[in-house]
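Let me begin by presenting the structure, written as structure tokens, before commenting on it.
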Amino acid sequence: MDAVAGPKARTNRAAALHRRAAATAIAAAGILDDTRPVPADQHRQYALADRLRAAAAALAPGWAGAALETLAVTTPAGEGPPPFVRVGTAAPLDDARFPALVPLLGTGHLTVDADARDPRVAGLLRAVLLRLLAAAPAGALLVRAVDAAGDTLAPFTALADAGLLPPPAVDVAGLRAVLTEAEQWVAPGSSGRRRHDRTLLLVIAALPELTGPTDLARVEALAEQGRAAGLHLVVAGWPPAGPYAGRAPLPQATALAIRTAYALLGDPPGGSFAGPGADPPGGLNSPVFVEADPPAELVDAVCRRLAAQVEAGSRLALTDLLPSSDEELWTAGSVDGLSTTVGDAGGRPVPLGFTELTPHWLVSGRSGAGRSTFLTTALLGLAARYGPDELALHLVDLGPGESFVEFLQTERDRSWIPQVRGAAMAADREYVLDLFDELAAEVRRREEAGRRAGGQRFAELRQHQVMPRIVSVLDNLPLLFAERDRLAAEAASRLDALARGGRAYGVHLVLAGEGDLGLGSRTDRDSVLGQFPVRVALPGGGAVLEPTNDSAAGLPVGSAIVNTAGGLGGPRGATRGHERMVRFPDPQEHADTVEELRHRLWSARPEGATPPVVFAGYARPLLRNDPRHRAALAGQAPGPAALLGRAVDVHRST
């Protein structure tokens, strides 16, 4: 048809195509005008960029806003969490650029319309998080994260043990746990005013696949309530893609929209970059090139520095928790109970002990969390305050470790802690059953003595009998119940009876291990757990607290939650008289102090005192038929310490 068309027809068609192209160009120009800045006088642009660079340097100095390549690991932090943070570089002209800042901590939140599966967004999140953490004093900013992409925040791993950034949640269950913690942080409790001396930042790098509308509503509620309580959000992938793409912008958030070569920055909460009457309205009237991914080695170095500063800032010496060297030993009496300092909370010593109201402890923490360290610290404090007539210790480790070696003799050092009556390393279950039987027999003996004396209680009996309080410590307790067989059932039954009967007669238990210690989750008064109001949760040990109490989440090594109400929780940030987060020292870092104390205690031992017998699991003594062991339980001076099983001389680690 075209081949036979005349010149006029071809001209008309060309004109129509030209008009169509012109219309398309005009429409495209309109769209671009909505997304790109309108050309302006270049001299004004240069002058404005100069002013904005100066303002950015004042608003976000150092880590908060300077170019990362100009910063060193040693660049100091500011006096508090930075109120502004750099998210990129605005470029109204190629040679007229300035830092693009958003108000965040103390003001609002930040959203990005793509999530961390986009490498540019992942790099941006790492850069923003690095800036915020490095700009704040160590420990002033806590981070909780959700990352369905998996490894966005992997360079920040060094912060986990310091409690600043636990491993991110990766699924819906983890998301909901993180949201619950954030909701506890903002729970009402002080007329809506900020209640925290620290700031919590919730980073959502990528929402899990099964995130539902209820979860999204919780995120929105946190954004609405968080600012007043010191909670701020950085959410990538908002609004979510798919069926929730039409969801409203996050309340009080600055929005960043990722485009092919640049990004568009929306207005901050409660304000406008452009000002009233600006054309186009809303947002920064300039393309923004988002922050590049920071070098992994810089992130790691900064994180290690922060972790070291957190640890050093709260590090205690063992001498801080013990009686001073010029104080007289063994001046405390145990008639009304035992008490020692187990740690420091905000510069104040935290005492913990054994009374009829707080008779037994549960101590839980993952491997390497400092469980043995905590137990050793507490026991040394007790041994320094209460003499052998006031305190008797029985120490058992069911695991292969050497939890209590600092209390025992070695070939090189024949001193020992005089309060220790018996110890077992790698103890088998039969040993523990026999020990439970002997402790129960001692409870019955004291009960009968009280009956004969006309119904006297423990405190009255002590007026005319040597009757120390007994503390029996069992570490790695889950091994006792691991097989769930007849022996495990017998152990559970005897433990239950001993916990109930011992509290009134000065026989106390400390059960330690990982997870829920094999004791289950019942916490009512009728369960064995109801007999253990004191709960100590080390890192990874939150299972001994109530399920709704997540105060142990993200604990740094060297710290613990000490709860004296059976693990009962409460709103995060609110004052809890029954719960403290404490820091405690590592005795291995103070070996000279431990050795000096052991020698002082050993030199002060009663005349005729003999060292504790140490048993190994493969050579169990027959405690049931040993009169010397019964004498030790009763606090009487035993005869020569002969081993009924094979004695093991445990060597202290150096």
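Computed from the coordinates by the stated procedures, all read-outs in this text should not be read as laboratory data. Quantities reported herein were computed from a predicted structural model and do not represent experimental measurements. All Cβ positions, glycine included, derive from the backbone under ideal geometry; neighbour counts span all protein chains shown.
Things worth noting here:
- Proxy reagent accessibility, fewest Cβ within 10 Å first, across His578, His360: His578, His360
- Footprinting exposure proxy ranking of His109, His599, fewest other C-beta atoms within 10 angstrom first, gives His599, His109.
- Separation of the Arg259 and Ala72 label points, Cα + 7 Å toward Cβ, nm: 4.0
- Couplings 3J(HN,Hα) for the range 247-261, derived from phi with the Karplus relation 6.51 cos²θ - 1.76 cosθ + 1.60 (θ = phi - 60°), are 5, 5, x, 5, x, 6, 10, 8, 9, 10, 10, 7, 10, 4, 10 Hz, where x marks Gly and Pro.
- Karplus-derived 3J(HN,Hα), 6.51/-1.76/1.60, for each residue of the range 70-82, Hz, glycine and proline x: 8, 9, 10, 4, 7, 4, x, 7, x, 7, x, x, x
- FRET efficiency, 1/(1 + (r/R0)^6) with R0 56 Å, evaluated for Glu607 and Arg304 via beta carbons: 0.60
- Ranked Arg535, Arg131, criterion: other C-beta atoms within 10 Å, fewest first: Arg131, Arg535
- The range 355-634: antiparallel DSSP beta bridges as a percent of all, rounded to 5: 20
- Gyration tensor over the Cα atoms of the range 355-634: the corresponding equivalent ellipsoid has semi-axes (square roots of 5 times the eigenvalues, largest first) of 28, 23, 20 Å.
- Legend: calculated FRET efficiency, Ala488 to Arg51, from the Cβ-Cβ distance at R0 = 60 Å, rounded to 0.05, equals 0.20.
- The H on the amide N of Leu391, modeled in the peptide plane, is under 5 Å from the matching H of Arg469, each at least 5 residues off or on a different chain.
- On the beta carbon distance between Arg366 and Glu447, with R0 = 35 Å, the FRET formula returns roughly 0.35.
- Size check on the range 369-487: the Cα extents along the three principal axes, sorted descending, read 46, 40, 27 Å.
- Panel note: the C-alpha atoms of the range 429-559, placed on their principal axes, show extents of 51, 32, 27 Å (largest first).
- Evaluating 6.51 cos²θ - 1.76 cosθ + 1.60 at θ = phi - 60° for every residue in the range 460-467, the Karplus couplings come out as 6, 4, 5, 5, 9, 9, 6, 8 Hz, glycine and proline recorded as x.
- q = 0.14, 0.26 Å⁻¹, the range 65-111: log10 I(q)/I(0) [Debye, one scatterer per Cα]: -0.45, -1.05
- Close amide H pairs (under 5 Å, H built 1.01 Å from N) link His109 with Ala253, Thr254, residues at least 5 positions away or on another chain.
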